[in-house]
Amino acid sequence: MSLLNVVDLHTSYGPVNVLAGVSFTVQPGETYALVGESGSGKTTVIRAIAGLAPAQDGSVTFEGQEIRGAPEKVMRPLRKDMAMMFQDPVGSLSPRLTIRSLITEPYRIQGMKDKDLDAEAKRLLEMVNLPTHFADRYPYQLSGGQARRVGVARALALEPKLILADEPTAGLDVSVQGELLNLLNDLRERLGLAMVIITHNLSVVRHVADRMGIMYLGRLVEEGTTETIFNNPRHPYTRCLLSANPEPDPDARLERIALKGEPPSLLKRPSGCEFRERCPFAKDICTQTPEWEVDGGHGLRCLAPLPQ
Amino acid sequence: MTETLLEIDHLSVDYETGRGDLNALRDITFNINKGEIVGIVGESGCGKSTLISSILRLTAPNTRFREGEIRFKGQDLLQAPERHMRDLRGADISIVFQDPMQTHNPVLTIGQQMLDIQHRSKQSKADKLAHAAKMLGAVGIPDPEARLKQYPHEFSGGMRQRIAIAMALMSEPDLLIADEPTTALDATLEVQIIERLQELQREFHCAILFISHHLGVIAELCDRVVVMYAGAVVESGDVREIFHNPKHPYTRRLIECDPGHIKERARVLPTIPGEVPDLANLPGGCIFRDRCDQAMAQCASDVPPLDQLKEGHHAACWLNHEEATT
């Protein structure tokens, strides 16, 4: 059974439909990456899964239980198994609480009164490689990388089965970024965690994700194993995203397929294929609306896909 | 012959703090030639921001210029009267900041803001507006005349950053400082901004000092690279030399750490263990030695000089000291 099953999820804020039918599954222990430009709906997807954003239609099942629109009474015990890592590491920590209170808060919320909170705080800090005396510090005394690790410790406090991580490496220095990714990979192997990770850093995706989905204007346009997507992207948008990744090599310049302009407004969705106006490979057929088609585990929404 | 525009000459800057003096910049030396794009790479706390604010002399009140000079077209900016600095800022030297969401005044139209920054010009208002529209067109904002009447919130992040670039270039500066201008943007927009900067640089011939911690962007855009670590220059040279033949262990490790560099999926990514030293309480010797896997006895006792290894390629490391030409 899949751990997480998202089917045809729709979210609208008034006239703006941010998610226009998103479907994907995550198996236990699997890492699934969602990538796409700002405004493609990545964050809304994971917030909707966690019950932090509305979802008017579709279904989200976690271990077989339907949780879309579930009341807080149902969600709260589930949050033990499903933790969230927020995008802004410092902003997601209350400035008035010590690190000890912050990382043991999940135990208090879940009513685990028998836990020795001091010992747990120590264990968690050690797990994310922070010195234990950090328990007495406040968030403003931490660097971005350290605050990130506190976020990881807090997300892992209750040993969840699934982590929803929103841009876990954004704003980190390269040397620290590697440390955090190694930590996540390591914990995943030890605890059998599954992860949904959002990022627009494709180099990161390559190293952590088993499978990935590419989002455009609130829909998946391509999905497959990380290896296939990187080696043979079929959707022109995926191809453009992959080639928009500046490489640390001055001689790698100029191998780029330029992506023109910016995503269209969600209020004025283009007809036919929604990417066609920006697509360097668009054909006449693209005025028709492409359907989602799956072939051997590789999903694609494109009428003029790139050759295999 | 290449003409030097900006010379940073043995610059040392301290911040006076309750814990004593924090040596934010130590003995920084490098040049920017006319029309050249120089990139500064370095992680948090390496002194990038202190360096920029020193060049513009927009430093915090507790800043002390301990030593050195910043010469712009031959004149030492640290000794220049404040009036002169005001004339330079936004005219000869302009800057694009990191966060495009916060660089514009939210209650004024883009047109008004672009008029305001032309306050030195004697042109008529209509001419100034036409100039503003032309600049917006140059950074790829469609329908610029109509867009001038709009407010910042009506533009996307990528557009706001391009508007910031248009504003910075309006006075045709000799030096454009770009402080992590793409960090807040998506990869696709990042690429657009880089390409736009390259085009504009060819058109306006201004020199660009480009600050970033994104190695890919630096490799893409810059002619020369200065690598900073904990307030000092550890290596500088031609972009190809730095990326293909790095001579300082920090540069080497930094390039290795960039996941964009590693094509095969890796279970364990390389990192640089350890932390940047406390700048208020600097250890003697090489500042990188605690995190360096090639550290020797000499590294603990003596600060390595920034040796010239090749024409235009400098590195501060005892490992190369023997090869040094000067």
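The values are calculated or read from the model by the stated rules, or taken from the named source; none is laboratory data. Every value quoted in this text rests on a predicted model; they were computed, and no experiment measured them. Positions of Cβ are generated from backbone atoms using ideal geometry, with glycine treated the same way; all protein chains shown enter the neighbour counts. Each accessible area value is taken on the protein alone, full model and side chains, heavy atoms only, with ligands, DNA and RNA left out. Shrake-Rupley method; radii C 1.70, N 1.55, O 1.52, S 1.80 Å.
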Check your understanding: Looking at the range A:215-246, which residues lose a minimum of 20 Å² of accessible area between their chain alone and all protein chains in place, measuring with a 1.4 Å probe and not counting ligands or nucleic acids?
Key -> A:A244, A:P246
Exercise for review: Please list the non-local residues whose amide H lies under 5 Å from the amide H of B:Y229, H modeled 1.01 Å from N, same-chain partners needing a gap of 5 or more.
Suggested key: B:V234
**Study point:** For the range B:174-320, alpha-carbon Rg and Dmax in angstrom
**Key:** 16.8, 51
Review point. Can you give the convex hull volume per residue for the Cα atoms of the range B:33-180, as a whole number of Å³?
Key: 142
Exercise for review: At 7 Å along the Cα-to-beta-carbon direction for both B:D9 and B:N245, put a label point, then send me their distance in nm to one decimal.
Suggested key: 3.0
Review point. Under 22 Å Cα-Cα from A:K161, which lysines qualify once same-chain neighbours fewer than 8 residues away are excluded?
Key: A:K42, A:K73, A:K80, A:K113, A:K115, A:K122
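What is the percent of Cα-Cα separations in chain B that go past 33 Å? Each step should come with its number before you reach the end.
Numbers: 15789 of 52975 pairs.
Considering chain B, 30 percent of its Cα-Cα pairs are separated by more than 33 Å.
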**Study point:** Backbone HN-Hα couplings from phi across the range A:59-69 [Karplus 6.51/-1.76/1.60, Hz, Gly and Pro as x]
**Key:** 9, 10, 10, 10, 6, x, 9, 6, 10, 5, x
Review point. Who wins for biggest fluctuation among A:H298, A:H207, A:H133 in a Gaussian network model of chain A, springs between alpha carbons below 10 Å?
Key: A:H133
Practice item. Please give the residues from the range A:156-182 for which the solvent-accessible area of heavy atoms, probe 1.4 Å, is smaller by at least 50 Å² with all protein chains in place than with the chain isolated. Key: A:D173, A:V174, A:S175, A:N182
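Once you compute Rg and the Kirkwood Rh from C-alpha atoms, what is the Rg to Rh ratio for the range A:170-265?
Working: Rg = 14.9 Å, Rh = 15.2 Å.
My calculation of the ratio gives 0.98.
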Study note, to complete from the structure: Residues whose modelled amide H sits under 5 Å from the amide H of A:Y216, counting only those 5 or more places away in sequence or on another chain, are A:V221
**Study point:** Separation in nanometres of the label points that stand 7 Å from Cα toward Cβ, at A:A304 and B:H119
**Key:** 5.2
Study note, to complete from the structure: In units of 2.2 N^0.38 Å, the Cα radius of gyration of the range A:85-153 is 1.02
Point to revise | P(r), alpha carbons of the protein assembly as shown - 10 Å bins starting at zero, rounded % | key: 3, 14, 24, 25, 20, 11, 3, 0
Check your understanding: Name the residues of the range B:242-289 whose accessible area falls by at least 40 Å² when all protein chains are present instead of the chain alone, probe 1.4 Å?
Key -> B:H244, B:P259, B:G260, B:K263, B:R265, B:R267, B:L269, B:T271
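Nearest 100 Å² is fine: how much accessible area is buried between A and B, summed over both sides, with a 1.4 Å probe? The partial results should precede the final answer.
Details: alone 14930 and 15830 Å², together 27090 Å².
Approximately 3700 Å², summed over both chains.
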Revision key, fill the gap. So, with points 7 Å from each Cα along the Cβ direction, the A:D295-A:Q65 label distance in nm works out to 4.0
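Tell me the carbon and sulfur percent of the accessible area for the range A:198-308, rounded to whole percent, probe radius 1.4 Å. List each step's numbers first, then the result.
Working: 2430 of 5040 Å².
Carbon plus sulfur share of accessible area: 48 percent.
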Check your understanding: Where does the range B:210-296 land on the Kirkwood hydrodynamic radius, alpha-carbon pairs, in angstrom?
Key -> 14.2
Check your understanding: Please state the relative contact order of chain B as a whole percent: Cα pairs under 8 Å, 6+ residues apart?
Key -> 20
Point to revise | Under 25 Å from the Cα of B:K247 - lysines, other chains or at least 8 residues apart | key: B:K48, B:K263, B:K310
Revision key, fill the gap. Note to self: with every protein chain in place and a 1.4 Å probe, chain A gives an accessible area per residue in Å² of 42
Study note, to complete from the structure: The set of residues whose placed amide H lies less than 5 Å from the amide H of A:M85, leaving out same-chain residues fewer than 5 positions away, is A:L164, A:A165, A:D166
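Kindly give the semi-axes, whole Å and largest first, of the ellipsoid equivalent to chain A, taking each as the square root of 5 times a Cα gyration tensor eigenvalue.
Details: eigenvalues 253, 102, 56 Å².
They are 36, 23, 17 Å, listed largest first.
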Point to revise | GNM result for chain B, Cα springs below 10 Å: residue of B:R289, B:R120, B:R253 fluctuating most strongly | key: B:R120
Point to revise | the range B:45-62 - phi-based ³J(HN,Hα) in whole Hz, Karplus 6.51/-1.76/1.60, Gly and Pro as x | key: x, 8, x, 4, 5, 4, 4, 4, 5, 5, 4, 7, 6, 10, 9, 5, x, 8
Check your understanding: Residue by residue through the range B:256-269, which ³J(HN,Hα) values in whole Hz follow from phi under the Karplus form 6.51 cos²θ - 1.76 cosθ + 1.60 (θ = phi - 60°), with glycine and proline marked x?
Key -> 4, 6, 5, x, x, 7, 9, 7, 7, 4, 10, 6, 10, 8
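Considering only protein heavy atoms, what per residue accessible area in square angstrom results for the range B:75-121 with a 1.4 angstrom probe?
Details: 2580 Å² over 47 residues.
With all protein chains present, the range B:75-121 gives 55 Å² per residue.
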Exercise for review: Using just the helices of chain B, give the 222 nm mean residue ellipticity in deg cm²/dmol: DSSP H runs with n ≥ 4 each add -39,500 (n - 2.57), and the total is spread over all residues, rounded to 500.
Suggested key: -8500 deg cm²/dmol
